[in-house]
Amino acid sequence: MSSYLPDDIFRHIYTLTPYETRNKFILYNHLGNNLYKTEINKIKKIQNFYRNYRIPDDYLTNAGLEKYQSFIPSSQFDSNDWNVNIVIRFYISKYPFEYLYRYPEFMANKLNTTRKEELNTWINNNLPNIENRTLRNIDNFFRQNNITPNEFFMAGW
């Protein structure tokens with residue numbers, strides 16, 4: 001009789017074991033080694049994705065462009081240097097949540113009258129109350145109204 005556990009029992013024990021101690025299973029048998037390596041590879045994929053696609057904290061100040069490292073008068077400021085999708089992701093990930101849920105009304109009040117009326121009707125027709133809003137609602141507000149980086153900068157942080 002073999003001294004090893006059957007594979008199905010071994011997998012069950014492995015899944016019940018805390019992550020911190022799963023590295024001990026690589027010494028037990030080949031299956032434990034394979035299970036541990038597949039988990040480590042999944043973790044590495046998540047880490048690499050985060051490293052490659054995270055948004056830097058200073059994205060709004062320079063957008064990764066050297067021309068904004070020194071003072072530039074506002075007449076030479078070009079809001080088209082910022083990618084609208086990254087600006088939306090930046091606001092959703094970095095803006096404090098208690099203010100983010102109120103941001104559509106805040107933005108609508110800061111913009112010119114025609115755009116203000118357009119945004120206010122969209123807010124009244126499509127957004128739930130502030131207490132019931134989710135990040136998806138805010139994202140839909142930004143994307144369905146085609147908010148531009150210039151409008152983000154006009155409304156301010």
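Summary of values
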item	result
Extreme residue, positive dipole direction of region 7-53, given options H30, I13, N48 (C-beta unit charges)	N48
Percentage relative contact order, region 83-155, counting C-alpha pairs under 8 Å, at least six apart	44 percent
Förster radius 41 Å - calculated FRET efficiency between D8 and R143, Cβ distance, rounded to 0.05	0.30
Distance in nm between pseudo-label sites at T134 and A155 (7 Å out along the Cβ direction from Cα)	2.0 nm
Whole-Hz couplings from phi, Karplus 6.51/-1.76/1.60, listed for region 82-90; x for Gly and Pro	9, 6, 5, 5, 6, 5, 5, 4, 4
Sum of side-chain charges, P56 neighbourhood, beta-carbon under 14 Å (Lys, Arg +1; Asp, Glu -1)	+2
Relative packing of 117-123, 52-58, which averages over residues the other C-beta atoms within 10 Å, highest first	117-123, 52-58
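A short reminder: the numbers here are calculations on the coordinates, not readings from a lab. Being a predicted model, the structure only gives us computed values, none of them experimental. Neighbour counts run over all protein chains shown; Cβ positions are idealised from the backbone, glycine included.
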